Amino acid sequence: MTAAPGTADELRTGSPSAGPGEDDWAAAVAAVRGLPADARVLLICHVNPDGDALGSMLGFGLGLRRLGVHRLQATFPGPPEVPEPFRWLPGLDLLVPADEAYPDPDLVVCFDAASESRLGDLVDRLDTAGTSIVLDHHASNTGFGAVHLVDPTAAATSVVAEQLLSRLDVPLDAEIATGLYVALTTDTGSFRFAATTPEVHRLAARLLATGLHPGDISREVFDTRPFGAVRLFGEVLGRARLEPEAAAGHGLVWTDATLDDLARHDQQPYVLESLIDSVRCTAEADVACVLKQVGPVEWAVSMRSKGAVDVSAVAVALGGGGHRFAAGFTGSGDAEQVIARIRVELAGALTGGPAHADGCRSSRTR
Ligand code: AMP
Ligand code: MN
Ligand code: MN
């Protein structure tokens with residue numbers, strides 16, 4: 001998963017593939033410890049937040065609260081609705097709508113955002129804040145912000161968040177650990193993806209030792225959806241298309257979900273986040289795509305690869321980003337136009353590595 005020096009990831013972004021150095025950790029610790037007693041701290045995660053974005057941010061936020069930081073807000077760009085599967089997370093009381101966030105906080109901390117564009121209108125806080133710390137694990141991270149805690153070898157941003165809490169001498173409790181655990185399970189596909197290292201399991205063990213409830217968490221986050229969403233999935237999966245010749249013969253499977261599909265089944269867009277997992281199981285295709293309509297001619301595109309294709313290269317070429325085996329972008333036009341552009345990019349995006357034959361094996365997603 002790590003981009004070795006000189007790989008396409010590094011050459012494209014210019015960002016280092018190594019994780020944070022001791023200087024970076026020291027700068028982050030100093031930025032927190034040096035805060036005056038009445039400091040205002042603003043936590044920001046990426047637009048359309050997933051389990052890693054929210055879980056890392058709220059878990060870390062609760063840790064800061066334990067440190068005595070009381071003027072503390074957490075937010076994300078766009079509509080302030082938290083996706084249903086995360087509406088029970090400890091620390092939700094830290095959340096404020098983006099337009100109520102401190103205009104000039106003393107410290108900004110960003111979570112799981114690979115680029116400034118993922119911060120939407122909140123990007124100006126990087127300039128108005130006293131200083132900023134960026135916690136992330138995308139190899140494509142652009143190096144924005146003042147202090148960079150970016151570890152492309154980390155399975156989730158929560159891995160970085162837990163290390164920083166540890167260096168700040170904040171002991172884990174069940175509330176902090178729950179957010180960090182949700183983040184870890186989300187980005188490792190419940191410990192199934194290739195990023196699931198021994199260190200991931202050691203972190204999971206530390207989190208579980210606080211007494212959190214993994215069964216309840218998994219059911220809330222992964223195994224609960226409205227009946228309307230079950231019906232919607234059936235319909236959208238029923239029209240999935242398999243293109244064995246695409247991606248230089250490695251195969252593409254894709255489907256689209258329209259605003260009309262959502263309306264007919266009376267569903268919110270968040271229910272479509274897990275749709276890609278039902279599509280990417282297709283044994284005959286290395287690449288899976290789901291096109292989720294977000295406007296009349298706008299689509300949020302999710303892409304996954306089993307190993308033969310670098311979908312982050314496709315996403316970056318089309319204006320987005322992500323990881324080699326899990327990436328996304330926003331496309332415009334109709335669904336056929338968007339998938340046509342993907343087909344063109346797929347033809348040249350091979351990793352050079354072998355395609356995995358086992359259907360549902362995948363790398364980390366988010
Ligand atoms: P998703 O398919 O939404 O789960 O996203 C998979 C990966 O692609 C994550 O690492 C996201 O951060 C990244 N990603 C998705 N959409 C975008 C986008 N519009 N711009 C940049 N990165 C994206
Ligand atoms: Mn994310
Ligand atoms: Mn992540």
- Any idea what % of Cα-Cα pairs in segment 227-346 are farther than 22 Å? 26
- Task: Treat every Asp and Glu Cβ in segment 8-221 as -1 and every Lys and Arg Cβ as +1, leave all other atoms uncharged, and give the resulting dipole magnitude about the Cα centre to the nearest 20 debye.
- Result: 480
- Along each principal axis, Cα extent of the chain, largest first, Å: 60, 47, 39
- Task: Run the numbers on the chain and let me know its relative contact order in percent, using alpha-carbon pairs under 8 Å that are six or more apart.
- Result: 15
- Could I have the simple spin-label model distance between A146 and L208, label points 7 Å from Cα toward Cβ, reported in nm to one decimal? 4.0
- Message: For a test of the definition: using alpha carbon positions, the gyration tensor, and the 1.5 limit on a/c, classify segment 57-135 as rounded, prolate or oblate.
- Response: oblate
- Note on the structure: Counting Lys and Arg as +1 and Asp and Glu as -1 over every other residue whose Cβ sits under 11 Å from the Cβ of T178, the net charge comes to -4
- Message: Less than 14 Å Cβ to Cβ from G295, Lys/Arg counted +1 and Asp/Glu -1: what total charge do the surrounding residues give?
- Response: -3
- Item | Beta bridges per DSSP with both ends in segment 148-307, % antiparallel, nearest 5 | 65
- Cβ charges +1 (Lys, Arg) and -1 (Asp, Glu), total dipole of segment 204-307, debye: 240
- Note on the structure: Extend 7 Å from the Cα of D121 along its Cα-to-C-beta direction; within segment 280-313, residues with backbone N under 20 Å of that point are 294-296
- segment 8-221: C-alpha gyration tensor shape, a/c 1.5 cut-off, then a/b vs b/c: rounded
- Note on the structure: So the angle from the long Cα axis of helix 198-208 to the longest Cα principal axis of the chain, reported in degrees to the nearest 10, equals 60
- Karplus couplings for segment 226-234 from phi (6.51 cos²θ - 1.76 cosθ + 1.60, θ = phi - 60°), rounded to Hz, Gly and Pro as x? x, 4, x, 6, 4, 5, 4, 4, x
- Using modelled amide H (1.01 Å from N, peptide plane; none on Pro or chain starts), what sits under 5 Å from the amide H of D256, excluding residues fewer than 5 places away? L291
- Task: Could you list which residues have their amide H under 5 Å from that of G189, counting only those 5 or more apart in sequence or on another chain, with H placed in the peptide plane?
- Result: T365
- Within the set D310, D106, D216, GNM on the chain using Cα springs under 10 Å gives the largest fluctuation to D216
- Message: Could you tell me the relative contact order of segment 8-221? Use alpha-carbon pairs under 8 Å, at least six residues apart, and round to a whole percent.
- Response: 25
- Note on the structure: With a Förster distance of 41 angstrom and the Cβ-Cβ distance between S278 and D23, calculated FRET efficiency to the nearest 0.05 equals 0.40
- Using unit Cβ charges (K, R positive; D, E negative) and no other charged atoms, how large, in debye to the nearest 20, is the dipole of the chain about its Cα centre? 680
- Item | Relative contact order computed over segment 185-327 (Cα-Cα under 8 Å; 6+ residues apart), in percent | 15
- Item | Fraction of beta bridges assigned by DSSP in the chain that are antiparallel (%, nearest 5) | 45
- Note on the structure: Surrounding charge for Q268, neighbours by C-beta under 11 angstrom, Lys/Arg +1, Asp/Glu -1, total -3
- Message: Nearest 10 degrees is fine. How inclined is helix 157-167 to the longest principal axis of the chain, computing both from alpha carbons?
- Response: 20
- Item | Cut-off under 5 Å, modelled amide H: who pairs with L95 long-range | A74
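Every read-out reported here was derived from the displayed coordinates using simple, explicitly stated rules and does not represent laboratory data. These numbers come from a predicted model, not from an experiment. For neighbour counting, all protein chains shown are included, and Cβ atoms are generated from backbone atoms with ideal geometry for every residue, glycine included.
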